[in-house]
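Below is one structure; the comments refer to it alone.
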Amino acid sequence: ILDDPDLKDIDPTVLKHCHAAAATCILEAGKQKADISAISTCLEDCKLDKERIEQFCTEYQKNKDALEILLGSIGRSPLHITDVSWRLEYQIKNNQLHKTYQPSYLVTLNVENSDSGSHPDVSFSCTMEQLQDLVGKLKDAAKSLERATQM
Amino acid sequence: KLNVGVDTIQHGVEGLAYLLTESSKLMISEIDFQDSIHVLGFSDELNKSLLQLYLDNRKEIRSILGELAPRLPSYHSLEWRLDVQLASRSLRQQIKPAVTMKLHLNQNEDQTAQVLQTDPATLLHLIQQLEQALGEMKTNHCRRIVRNMK
């Protein structure tokens, strides 16, 4: 904003105040999910004229959804799983035991940390039975979700 | 009680242990076992006892040896919970469903628990991917390999 040629005649301090005020107003409106009439009333109380209020509200309405998505994504949550990779191997022998002949799965859960942006993936091995147990439990969770959305 | 020196007993025990672990590790057949101990020149009765000892304990020895192999953390169990986020400091009036899970893993005698979360879409994706993984063992390719490796 400070570089905008249209605004170069205005005192930078005033510009900063305006920007901060506008940003605060927009963020509060977004946070509270205020509707247009509430915003209008608020701006009227601030003695803005009708034309300006209308302009503000139109712009706000245009960007409301994007604003809500942005606000909703701020915040802490446990590590979020984004994807899974797996590997199936057939074990033949190791130096302690020969002729093991066992299938085994290596599963990696790709995880995203909203805070630091690091990716501390979770990896573990499991037998076929264990993987079946895991999938069974995940399916239970999915079924519960479905039932919950139908309520 | 046996009227034999300590050293002899120690060597005897070590030798027996070595015989049994090596045989179990390699999973040798009865015939191979008998041929192997035959060269030691023991009596037939002793050879029979040794063979029986091998066959009786083979499974347990193998399972103990199996624990010594290098391992990644392994799956123990999973707990899950359905959550709906209704509001946060930055946004009120939300409806954000999520599945929160506690994954229990075993690593070298320790159990760790990790709390993870995912959204409904990713959950379905996870299920689909892992079901595909399970299905792999049943394909012709894998069946052929398992058959030929025995």
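Mind ranking B:86-92, A:47-53, A:5-11 by how tightly packed they are, going by the mean number of other C-beta atoms within 10 angstrom, highest first?
B:86-92, A:47-53, A:5-11
Please report, largest first and rounded to whole Å, the three semi-axes of the ellipsoid equivalent to the range A:10-71, where each semi-axis is the square root of five times an eigenvalue of the C-alpha gyration tensor.
That gives 19, 16, 10 Å for the three semi-axes.
So what J values fall out for the range B:119-126 if you push phi through Karplus, 6.51 cos²θ - 1.76 cosθ + 1.60 with θ = phi - 60°, rounded to Hz, Gly and Pro as x?
Along the range B:119-126, the couplings run 9, x, 5, 5, 4, 4, 5, 4 Hz.
How far is helix B:6-26 tilted off the main Cα axis of chain B, in degrees rounded to 10, range 0 to 90?
That helix lies at roughly 50 degrees to the long axis.
Filter the DSSP H helices in chain A by two things, a Kyte-Doolittle mean of at least -1.0 and an axial alpha-carbon span of 30 angstrom or more, and list the hits by number.
Long hydrophobic helices here: A:50-73, A:128-150.
What ratio of Cα Rg to 2.2 N^0.38 Å holds for the protein assembly as shown?
In units of the 2.2 N^0.38 Å rule of thumb, it is 1.74.
So what's the gap between the Cα centers of the range A:1-30 and the range B:1-47, to the nearest angstrom?
The range A:1-30 and the range B:1-47 have Cα centres spaced 89 Å from each other.
As an exercise, find the ratio Rg/Rh for chain B from alpha-carbon atoms, using the Kirkwood inverse-distance average for Rh.
Across chain B, the Cα-based Rg/Rh ratio is 1.26.
For the range B:6-68, just list the percent of Cα-Cα distances falling in each 10 Å bin from zero outward, please.
The calculated distribution, bin by bin, is 21, 53, 24, 2.
Given R₀ = 41 Å, what would the calculated FRET efficiency be for B:E67 paired with B:K96, taking r from the Cβ atoms and rounding to 0.05?
After rounding to 0.05, the efficiency reads 0.40.
Return the distance in nm (one decimal) between the two label points of a simple spin-label model at A:V14 and A:E44, each offset 7 Å from Cα along Cα→Cβ.
2.8 nm
Ranked by Cβ crowding within 10 angstrom, fewest neighbours first, how are B:V13, B:V6 ordered?
With the sparsest Cβ surroundings first, the list reads B:V6, B:V13.
Between beta-carbons, use under 13 Å as the cut-off and find the net charge around A:T127, counting Lys and Arg +1, Asp and Glu -1.
Here the count lands on -2.
Give the average, rounded to an integer, of partner chain Cβ atoms located within 10 angstrom of each Cβ in B:79-85.
Counting Cβ atoms of other protein chains within 10 Å of each residue's Cβ and averaging gives 3.
Residues of B:37-43, mean number of Cβ from any other protein chain within 10 Å of their own Cβ, rounded to a whole number?
0
Once you have a ≥ b ≥ c as the square roots of the Cα gyration tensor eigenvalues for the range A:1-122, tell me rounded if a/c is under 1.5, and otherwise prolate or oblate according to whether a/b is larger than b/c.
Judged from the Cα gyration tensor, the range A:1-122 comes out prolate (a/c at least 1.5, a/b above b/c).
Note down the relative contact order for chain B as a percent, whole number, built from C-alpha pairs under 8 angstrom at least six residues apart.
Answer for chain B is 13 percent.
Enter the mean number of other protein chain beta carbons within 10 Å of the beta carbon of each residue in B:55-63, as an integer.
1
What's the Kirkwood radius of the range A:79-148 in Å, using all Cα pairs?
After inverting the mean inverse Cα-Cα distance, the result is 14.4 Å.
We did not get these values from a lab; they are worked out from the coordinates using the rules stated. As the structure is a computational prediction, the values presented were derived from the model and not from experiment. Methodologically, a virtual Cβ is constructed for each residue, glycine included, from the backbone with ideal geometry; neighbour enumeration extends over all protein chains shown.
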